[in-house]
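What follows is one structure encoded as structure tokens, with my remarks underneath.
Quick note: the coordinates plus some simple rules give every number you see, no bench work behind them. Please read these numbers as outputs of a predicted model, since none were measured by experiment. With ideal geometry, Cβ positions are generated from the backbone for all residues, glycine too; neighbour counts draw on all protein chains shown.
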Amino acid sequence: MFGRAAVVVLNGPFRTIKLGRQYDPVNEFVQPLIEDNSFSGPFATPGDIDIYDNDLPVSNAIKYTSPLMSGVQAEGLYA
């Protein structure tokens, strides 16, 4: 039932806090920059140890996403 992601999202004046099983910041910040996802399929590392294939959600994680300030946004994850 929760094979991918299952999160509780708390929004506030200091942006967003997500709790639960979720993907790491590479999924949200780096992966969209790779237009031709050449790291997936046969070019992915065994076991997806570099998480470029985005198939490894992190359990029991807390993720903070900062507000967008002057075009810069930060995100941190602890699990």
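Fully extended, how many nm does the chain gain between Val72 and Arg15 (0.36 nm per residue separation, minus their Cα-Cα distance)?
19.2 nm
Which ordering of Leu77, Leu10, Leu56 is given by a fewest-first count of other beta-carbon atoms within 10 Å?
Leu10, Leu56, Leu77
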